[in-house]
Amino acid sequence: MFKKIFLKVLCFALIFSFIPVTGCSIIGDFKENLESRMERKREERKEDDKARSFSTANDFEDYYEKEIKRALQNNDKKALKGLFCEAVLDNTYDMNEGLEYIFGLEDWSEFSFSGGNCSSRKEYHKDGRWEFVYCRVDLAKGNEKYRLFYSGYATCRDKVDGKTRQISANLGLANLCIGKLNSKGALENPVYNYISGIGHPGRDKAEKIIGTVFNIYEPVKKDGSFDETATDEALAAIMTDGLKNGADKSELDAFIKFIRIGSLSKKCGYFFYLREEGGAVTVTGTFRFTLKDLCIKILIKDGKIDGAAVQEGDEEPKPQSGKIKGFTELVK
């Protein structure tokens with residue numbers, strides 16, 4: 001009897017002797033798993049911040065106005081660049097030039113915003129919803145006044161690989177530019193923001209070409225001003241001699257005819273990308289015309305059009321120097 005009791009006590013003692021060790025092990029594993037989950041959540045939040053979507057255009061405006069102001073006041077080029085979406089950063093060759101220009105305009109350590117407003121363009125379809133937001137706000141820096149323009153996706157849901165989800169590469173700023181205001185509150189010089197990235201004087205000719213080709217403003221005249229009565233010869237003046245002499249005449253005439261078509265008939269996409277490819281500057285973008293989704297690519301040489309191609313779909317065409325391709329079928 002005594003032996004049985006002794007054995008039971010011994011068993012209980014052995015069992016309880018392992019509990020602290022096992023308990024510590026369980027607690028340790030739980031803590032490690034919790035920390036691992038928290039780290040994953042932190043990384044997910046970082047990704048969400050990098051590719052943030054917004055329920056309204058005003059939410060987009062509030063967020064980016066604060067972030068742009070913080071980056072400017074802290075003289076933080078990296079932070080400002082980081083507000084742009086992945087698609088723009090991967091397809092814009094002159095981001096650094098834009099950053100140098102913006103931060104070289106003023107010492108932005110102290111300034112104020114006023115009179116901000118925004119508008120948006122929405123597209124709804126069975127696979128998702130897109131909303132592109134355009135914002136502007138005035139900056140006061142001492143006696144100097146500027147106007148800041150910025151734009152980007154608030155929401156970009158679409159079907160990818162059979163599933164509807166956010167296209168994170170498109171979420172973020174698409175364009176940012178600053179123009180100086182005169183004493184009457186008007187811009188001293190035109191501000192162009194058709195091409196994604198940061199506006200600066202070095203890209204003005206490319207911006208004007210896109211503005212002309214899509215008739216965003218009136219075609220160019222011989223003296224460099226703009227007028228919708230511009231002649232075909234005046235439009236040809238923004239093309240290189242190599243293009244005018246080397247392109248098929250029917251294609252060149254079709255290209256000029258396309259340029260003269262009103263902007264309401266040529267619904268542009270949200271991003272025009274400015275790249276440097278093989279020593280040439282190119283501008284690429286998508287648009288909708290005659291119920292077709294199209295992609296255009298323009299070669300630029302010495303500030304003039306040196307070649308252009310257009311084709312249906314999202315795939316980029318391959319323009320050649322001195323050639324026009326795809327416009328005859330488009331405007332026939």
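The values are calculated or read from the model by the stated rules, or taken from the named source; none is laboratory data. Only a predicted model underlies this, so the values are computations on that prediction, with no experimental measurement involved. Note that each Cβ is placed from the backbone with ideal geometry, even for glycine, and that neighbours are counted across all protein chains shown. We work out accessible area using only protein heavy atoms, side chains counted, and drop any ligands, DNA or RNA first. Shrake-Rupley method; radii C 1.70, N 1.55, O 1.52, S 1.80 Å.
Here are the numbers for the structure shown:
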quantity	calculated
Estimated dipole of the stretch 252-298 in Debye, rounded to 20 [Cβ of Lys and Arg +1, of Asp and Glu -1, Cα centre]	260 debye
Charge dipole (the stretch 65-105, unit charges on Cβ, about Cα centre) - positive-most of N74, Y93, L105	N74
Amide H within-cut-off set for K145, under 5 Å, with H built and near neighbours excluded	L181
Span from the the stretch 314-332 Cα centroid across to the the stretch 58-95 one, whole angstrom	34 Å
Calculated FRET efficiency for the pair E316/S265, C-beta based, R₀ 25 Å, to 0.05	0.65
Pairs beyond 30 Å (Cα-Cα), from K69/K292; K159/K318; K267/K332; K249/K297	K69/K292
Counted charge near F255, where neighbours are those whose Cβ lies closer than 15 Å (Asp, Glu -1; Lys, Arg +1)	+3
With 10 Å bins from 0: P(r) over the stretch 102-169, alpha-carbon pairs, percent	18, 33, 22, 18, 9, 0
Extension gain (nm, one decimal) between K159 and D241, 0.36 nm per residue minus Cα-Cα	25.1 nm
Per residue value of the accessible surface for the stretch 230-330 (all protein chains in place, 1.4 Å probe), Å²	49 Å²
Mean Cα-pair separation over length for the stretch 100-188, i.e. relative contact order, pairs under 8 Å, 6 or more apart, %	23 percent
